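Below is one structure, written out as structure tokens, with a few remarks after it.
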Protein chains: 2
Amino acid sequence: MNNKAKLYGIGVGPGDPELLTIKAIKTIEKIDILYTPLASEKGESTSKKIISEYIRQDLEIKERHFPMTNDIESKISAWDLISIEIMEDVKSGKSVGLISLGDPMIYSTYVYILQRVIDSIEVETIPGITSFTNISSSNNFPLSMDKEALAIVPSTENIHRIRNIIKEFDSIVLMKVYKNFKVILELLFELGLEKHAIMVSNSSMENEIKYKNLNTVYELDSIPYFSTIIINKKIDKSI
Amino acid sequence: MNNKAKLYGIGVGPGDPELLTIKAIKTIEKIDILYTPLASEKGESTSKKIISEYIRQDLEIKERHFPMTNDIESKISAWDLISIEIMEDVKSGKSVGLISLGDPMIYSTYVYILQRVIDSIEVETIPGITSFTNISSSNNFPLSMDKEALAIVPSTENIHRIRNIIKEFDSIVLMKVYKNFKVILELLFELGLEKHAIMVSNSSMENEIKYKNLNTVYELDSIPYFSTIIINKKIDKSI
């Protein structure tokens, strides 16, 4: 097996281990060290759970805490330290993997590690199935057709900008809606889009919840962290 | 093996067979009939080539022509006929697969078949790696970070709308640039974006071409059909 000393950034898809690619699995099976991200210091790594059946007994695992906070200084400090450790491992001849939920290039912390190491070590990035394409597929709810442009928008963006994008595009994916989901839902109700939208939490994970009726969501006190709304104005659920 | 009579819409990714998911492979291995799309009546099916090592000897293959033309009547007529045939196969107890390059829900003809059969037969859609996430990963060129919205735009869209989207977004994917690539490139040069953009043709296929310098592309007489430009204003290639 060609086992080059480099960093592999590996997309592991949204949750279902069957949504791993052959390339991701082959890479996990050949690396020397696996870095797994932890969102909280006590928690479990969601992405590690997805690949659990492919982890060899002798694979060295380094669970590292990537803080999910608004404190940018503590984030930068964590990225700096993890990047230095990865560069040291690769320079000592090891092949290193860093797994990423969904796709590593779409709203993933992986990019901040990539940018810190790319000038010093070789890096190979392997794409993964994104949560929003899986939500679209598993609900038979098309994302975009023909000439339609598609906008992917984190709900942490300014609400006026979100409103403009929703008005201008026919197909929209709203990521990370958990924090301000009531504001987002009010906007969709106001624009009359509830019959053109679905919401899914924890797509393809064991605790997946599909909401076909957004009014039901509005009644909730809180929703899971991994919640995504997809809107397609050309698709009418009620038909 | 649970071999239910239904239609499976299967995303096969951009070209490299290693970018197939386990779920796609398991599905291809269990179906009774496989429909493969042909872009021209004489041509070869690109998506069939990707899955060739998983095609059983006894798998019934139905190659069907999906016209790539501006004549919408002939397209509709083809979609109608193929949909009727698929519904007949499923109603006679067969499990049927229809493969789709990239992801079946993003700019794929699959959606037109889905819409014609969904009220009559059971359908399960399986997502695939999209060409643009693969281009981003294989070039270590991040697509979108943090609060950045991402726009996916077919270059067949109105050029004024394309211009507005490029101005308003930091991250943009331009799909299907082959036809009007000079107009698109002139727009990128005018907006000073050439150092924030890359172009890839036939991503992950045997005949893949990566263009890091868009001036080189502009000198060409024509470019391949599957050509995609990704732009990230926060990434500077020249650094």
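Rg/Rh for chain B (Cα atoms only, Rh after Kirkwood) is 1.01. At full extension, A:GLU29 and A:GLU206 could sit 61.3 nm farther apart than now, given 0.36 nm per residue minus the alpha carbon distance.
When DSSP beta bridges are restricted to pairs lying wholly in the stretch A:131-232, around 70% turn out antiparallel. Residue by residue along A:149-161, Cβ atoms of other protein chains within 10 Å of the local Cβ number 5 on average. Over the protein assembly as shown, what portion of Cα pair distances is larger than 43 Å, expressed as a whole percent? Every Cα pair in the protein assembly as shown considered, those over 43 Å come to 11 percent.
Can you pull the mean other chain C-beta count within 10 Å for peptide A:228-236?
Numbers: counts 0, 0, 1, 0, 2, 0, 2, 2, 0.
Taking all residues of A:228-236 together, the mean is 1.
For A:LYS62, the residues whose amide H sits under 5 Å from its own are A:LEU34, A:TYR35, A:THR36, ignoring neighbours fewer than 5 places away on the same chain, with H placed 1.01 Å from N. Quick check on the stretch A:29-70: take the gyration tensor over C-alpha atoms, sort the square-rooted eigenvalues as a ≥ b ≥ c, and tell me if it's rounded (a/c under 1.5), prolate or oblate. Judged from the Cα gyration tensor, the stretch A:29-70 comes out prolate (a/c at least 1.5, a/b above b/c).
In order along the stretch A:227-236, the Karplus-derived 3J(HN,Hα) couplings, from 6.51 cos²θ - 1.76 cosθ + 1.60 at θ = phi - 60°, round to 10, 9, 10, 10, 10, 9, 5, 8, 10, 10 Hz, and Gly and Pro are given as x. Full extension of the segment from A:THR216 to A:GLU88, taken as 0.36 nm per residue of separation minus the current Cα-Cα distance, would add 41.1 nm. When restricted to Cα atoms, the stretch A:1-116 yields an Rg and a Dmax of 13.5, 42 Å, respectively.
Label-to-label distances for B:ASN158 across copies, nearest first, come out at 2.5 nm, using points 7 Å from Cα in the beta-carbon direction.
Each residue of the stretch B:128-137 was assigned a 3J(HN,Hα) from its phi angle through the Karplus expression (A = 6.51, B = -1.76, C = 1.60, θ = phi - 60°), giving x, 5, 7, 4, 6, 5, 5, 4, 4, 5 Hz with x at Gly and Pro.
For the stretch B:206-218, 3J(HN,Hα) computed residue by residue from phi via the Karplus equation (6.51, -1.76, 1.60; θ = phi - 60°) reads 4, 9, 5, 10, 9, 10, 8, 10, 6, 4, 4, 5, 4 Hz, glycine and proline entered as x. Of B:ASP58, B:ASP32, the residue with the largest accessible area leads and the full order is B:ASP58, B:ASP32 (1.4 Å probe). Compute the label-point distances linking A:LYS179 to its equivalents in the other copies; points lie 7 Å from Cα along Cα→Cβ; give nm, one decimal, shortest first. Label-point distances to the other copies, shortest first: 4.1 nm.
Classify the stretch A:55-97 as rounded, prolate or oblate from the Cα gyration tensor: take a ≥ b ≥ c as the square roots of its eigenvalues, call it rounded if a/c is under 1.5, otherwise prolate when a/b beats b/c and oblate if not. Numbers along the way, then the final one.
Details: a/c = 4.74, a/b = 1.76, b/c = 2.70.
Note, shape of the stretch A:55-97 comes out oblate.
What distance in nm separates the two pseudo spin-label positions at B:LYS42 and A:ASP236, each 7 Å out from Cα along the beta-carbon direction? So the two model labels end up 4.4 nm from each other.
Output the antiparallel fraction of DSSP beta bridges having both residues in the protein assembly as shown, as a percent to the nearest 5.
40 percent
Scanning residues 5 or more positions from B:SER95 or on other chains, those with amide H under 5 Å from its amide H are B:LYS6, B:ASP32, B:ILE33, with H placed 1.01 Å from N in the peptide plane.
Counting, for every residue in B:12-21, the Cβ atoms of other protein chains within 10 Å of its Cβ and taking the mean gives 4. A probe of 1.4 angstrom, applied to the heavy atoms of all protein chains, finds B:SER40 with accessible area near 60 square angstrom. Within chain A, DSSP assigns beta bridges of which about 35% are antiparallel (rounded to the nearest 5). Computed from the C-beta positions of B:LYS195 and B:GLU168, the FRET efficiency with R₀ = 25 Å rounds to 0.80. Once backbone amide H atoms are built at 1.01 Å from N, B:GLU124 has B:LEU7, B:TYR8, B:GLY9 as its partners under 5 Å, excluding neighbours fewer than 5 places away on the same chain.
If we count every other residue with Cβ under 11 angstrom of A:LYS234's Cβ, Lys/Arg +1 and Asp/Glu -1, where does the sum land?
-3
With the simple spin-label model, which puts each label point 7 Å out from Cα in the Cβ direction, the B:LYS6 to A:GLU73 separation comes to 5.3 nm.
Label point of B:ILE118 (7 Å along Cα→beta-carbon): distances to the other copies' equivalent points are 3.8 nm, sorted ascending.
The values are calculated or read from the model by the stated rules, or taken from the named source; none is laboratory data. As the structure is a computational prediction, the values presented were derived from the model and not from experiment. Glycine also receives a Cβ, built like all others from the backbone with ideal geometry; neighbour counts cover every protein chain displayed. The protein model used for the area step is the full one, side chains on, heavy atoms only, and it has no ligands, DNA or RNA in it. Shrake-Rupley method; radii C 1.70, N 1.55, O 1.52, S 1.80 Å.
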